[in-house]
Amino acid sequence: MSIKVVIADDQRMVRAGLRMVIETEPDMVVVGEAGDGAEAVTVARRVRPDVVLMDIAMPRQDGLSATGTLLGSPNPPRVIVLTTFDSDENLYRALRAGASGFLLKVSSPEHLITAIRVVAAGEALLDPAVTTRVIAAFAGQPGPLPPPEAGGLTPREAEVLRLVARGLSNAEIAAALTVGEATVKTHVARVLMKLNLRDRVQAVVFAYESGLVRAGGGSLE
């Protein structure tokens with residue numbers, strides 16, 4: 001089964017370049033293109049892609065608004081936000097809109113392909129240039145969410161969420177807690193289910209907004 005991708009960018013040459021990179025992969029196919037956010041929503045609803053590559057700055061409807069519209073639909077695709085601007089505000093807006101990935105356009109083709117595969121598999125991915133410290137700076141803007149305990153998390157699940165929020169992989173969390181990687185995967189899945197979160201990106205935002213992790217890396221005991 002090929003991963004079906006829609007490319008949304010207002011620059012035709014950028015779309016052509018992304019298509020060339022993606023279609024060199026045997027397990028991927030570009031099923032549609034769009035030049036603005038409104039068209040991206042229309043095309044995605046028609047062709048039902050697995051992943052949408054979404055530019056931020058586009059006419060008629062910007063990429064972040066289009067992302068919110070798409071993800072509010074039944075059985076939505078995964079969205080990777082692409083931008084030339086690595087500003088904190090764009091990152092935060094993308095995460096709040098529900099994007100599963102955030103990549104700078106200067107990222108390598110190899111990283112783009114990896115991101116598509118990771119997101120299509122149901123995981124989440126942030127550009128290495130994007131740090132949890134940046135997320136923390138903006139995650140504190142809205143009013144605080146209920147603490148994780150309100151979602152019925154066990155102490156161990158709350159600790160796993162803290163480590164996820166600090167950017168640790170499942171393998172790194174397993175080493176930190178001296179448990180198996182499969183156990184960590186189970187804990188992460190339960191955290192997402194109990195808190196009604198889509199993926200690890202949303203878990204990071206939740207951890208900072210709830211106060212479980214403080215900006216700058218500290219945590220609340």
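The values are calculated or read from the model by the stated rules, or taken from the named source; none is laboratory data. Being a predicted model, the structure only gives us computed values, none of them experimental. As a convention, Cβ positions derive from the backbone with ideal geometry for all residues, glycine included, and neighbour counts pool all protein chains shown. Protein only, heavy atoms only, side chains kept; ligands, DNA and RNA dropped before computing areas. Shrake-Rupley method; radii C 1.70, N 1.55, O 1.52, S 1.80 Å.
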Item to check | Contacts under 9 angstrom Cβ, first residue in region 107-118 being without any contact (Cβ under 8 Å) to a residue 60 or more places away in the chain, partner among the β-branched types (Val, Ile, Thr) and not in a helix (DSSP H, G or I), 6 or more apart | outcome: Ala115/Val51; Ala115/Ile80
Checklist outcome for this item: The condition of being at pLDDT below 95, part of a helix (DSSP H, G or I) and of a type in the set (A, V, I, L, M, F, W, C) holds, among Leu82, Leu70, only for Leu70
Checklist outcome for this item: Taking region 149-190 and keeping only residues that are in contact (Cβ under 8 Å) with a residue 40 or more places away in the chain and in a helix (DSSP H, G or I), one is left with Gly151, Ala158, Leu161, Arg162, Val164, Ala165
Next on the checklist: Restricting to region 22-44, name every residue that is surrounded by 16 or more Cβ atoms within 10 Å (Cβ to Cβ) and among the β-branched types (Val, Ile, Thr).
Outcome noted: Ile22, Val30, Val31, Val41, Val43
Checklist outcome for this item: Result of the Cβ filter at 8 Å on region 51-67, keeping first residues that are hydroxyl-bearing (Ser, Thr, Tyr) and partners that are open to solvent by 10 Å² or more (accessible area, probe 1.4 Å), at least 6 apart or interchain, is Ser65/Ala97; Thr67/Ala97
